[in-house]
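Below is one structure, written out as structure tokens; the observations come after it.
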Amino acid sequence: MANQTEPKTLQQAIIYFSNPKNCLTYLTARRWPDGVTCPTCGRDDVSFLEKQNKWQCKSAHKQRQFSAKVGTIFEDSPLGLDKWLAAVWLIVNAKNGVSSYEIHRGLGVTQKTAWFMLQRIRLAMQSGSFLKKMNGHVEVDETFVGGKFRNMHASKKQKLQLAEKGDTKTAVLGMLDRTTREVRTKVIPNVKRATLQAEILKQIVPVGTVYTDSHYGYDGLKAARFIHKTVNHLEEYVRGDVHTQGIENFWSLLKRTLNGTYVAVEPFHLERYADEQAFRFNNRKGKKDADRFMLALSQVTGRRLTYAELTGKVGESAF
Ligand SMILES: [Zn+2]
């Protein structure tokens, strides 16, 4: 089996993926576990064109020829999969994240390219399990990150107005399921009651137990059929099983990464950085580096992000 030769360590990964054939075999097996199909029409009797390193569909439609990158986070990039896969390996396994400068120096791409690569890889680190609601005992807490402006497309005047209002931090809501130890995060526009509770209803099955601090934004959860237990942080942090220490532990990991590695994350991008941290947090126990890598690679399809979407700079390329 090919699996026996698949890399287990960073050093093995660099060597293994320096061979383009290995890159293709590995990626193909993850994105098409049941065999290669045409991304346009779904036909499964496609033929491989050795010279072009592409497949060809037998139906007559546009984009008859396609590479393994089509429809994935690697699409439209002239960079080789050797660099992409090494970057994925690094970020999914680095406890405190990896900066674009490290990728730039380590892989020999420009810092701008490295930054864009990392933003795209973070998409593959978004959990695919969010469709399923959390059920059971869930800690919920909100935190504030950064000191920049929420809307990157805002005019200078708007930004100044926001600054005058003191509106310079971004709120993030976090939930930790005590049974599965899964964390979910969401950047939210404010910490008003309606905002917090709409998100809680979206993510947690009612009748579950919700643990929060005594912030007024969580008042009334009982009316929504949750069992609601609160701890007043002015008086105590833990009362038996009533606490939010699991999610607070996650916040300190996130802030360590944001302050230590990424330094100045724009609020517009913050959700992806929180996703990145949650991916490592949710896959830290009982999983090896190669497992996290494989999981990210199985989630590269159907997630796309252009440089213009990221930066508002239309017509500019990161490669
Ligand atoms: Zn086709």
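The values are calculated or read from the model by the stated rules, or taken from the named source; none is laboratory data. Just so we're clear, the structure is a prediction, and the values are computed from it rather than from any experiment. Glycine also receives a Cβ, built like all others from the backbone with ideal geometry; neighbour counts cover every protein chain displayed.
General remarks:
- For region 200-319, the helices (runs of 4 or more DSSP H) that sit wholly inside it and include 2 or more residues that are aromatic (Phe, Trp, Tyr), surrounded by 14 or more Cβ atoms within 10 Å (Cβ to Cβ) and touching a helix residue (DSSP H, G or I) at 6+ places or on another chain (Cβ under 7 Å) are 267-282.
- Filter result for residue 224 (among the small types (Gly, Ala, Ser), in contact (Cβ under 8 Å) with a residue 24 or more places away in the chain and under 30 Å from residue 312 (Cβ atoms)): no
- Applying the condition of being within 9 Å of the ligand (Cβ to nearest atom) and not small (Gly, Ala, Ser) to region 57-67 and asking which residue is nearest to residue 20 (Cα to Cα) yields 66.
- Scan of region 17-48 for residues that are within 16 Å of the ligand (Cβ to nearest atom) and β-branched (Val, Ile, Thr), ordered by number: 36, 37, 40, 46
- Of all the residues in region 226-254, those that are at pLDDT 95 or above and among the acidic types (Asp, Glu) number 1.
- In region 113-124, the condition of being out of contact with any helix residue (DSSP H, G or I) (no Cβ under 7 Å at 6 or more places or on another chain) and part of a loop (DSSP other than H, G, I, E, B) is met by no residue.
- Test set (1) among the β-branched types (Val, Ile, Thr); (2) within 28 Å of residue 310 (Cα to Cα); (3) not in a helix (DSSP H, G or I) - residue 28 fails condition number: (3)
- Filtering region 141-197 to residues that are more than 27 Å from residue 313 (Cβ to Cβ), among the acidic types (Asp, Glu) and at pLDDT below 90 leaves only 164.
- In the set 202, 192, 288, 222, only one residue is under 21 Å from residue 146 (Cα atoms) and of a type in the set (Lys, Arg); that residue is 192.
- Residue in region 70-82 that is within 14 Å of the ligand (Cβ to nearest atom) and either farther than 25 Å from residue 265 by Cβ or assigned to a loop (DSSP other than H, G, I, E, B) (or both) present: yes
- Selection status of residue 184, of a type in the set (Lys, Arg) and either over 30 Å from residue 93 (Cβ atoms) or free of Cβ contacts under 8 Å to residues at least 12 places away in the same chain (or both): no
- Evaluating residue 13 against the criteria (1) over 15 Å from residue 81 (Cα atoms); (2) away from the ligand (no atom under 14 Å from the Cβ); (3) touching a residue at least 12 places away in the same chain (Cβ under 8 Å) leaves one unmet condition, (1).
- Residue match in region 105-126 (condition: within 16 Å of the ligand (Cβ to nearest atom), aliphatic (A, V, I, L, M) and more than 22 Å from residue 12 (Cα to Cα)): no
- Filter pass, residue 40 being over 26 Å from residue 274 (Cα atoms), touching a strand residue (DSSP E or B) at 6+ places or on another chain (Cβ under 8 Å) and not basic (Lys, Arg): yes
- Residue tally, condition in contact with a Phe, Trp or Tyr (Cβ under 6 Å, 6 or more places away or on another chain) and either among the β-branched types (Val, Ile, Thr) or more than 20 Å from residue 10 (Cα to Cα) (or both), over region 276-304: 0
- Enumeration of residues in region 43-63 that are without any contact (Cβ under 8 Å) to a residue 24 or more places away in the chain, assigned to a loop (DSSP other than H, G, I, E, B) and either surrounded by fewer than 18 Cβ atoms within 10 Å (Cβ to Cβ) or under 20 Å from the mean Cα position of the chain (by Cα) (or both): 43, 44, 45, 50, 51, 52, 58, 59, 60, 61, 62
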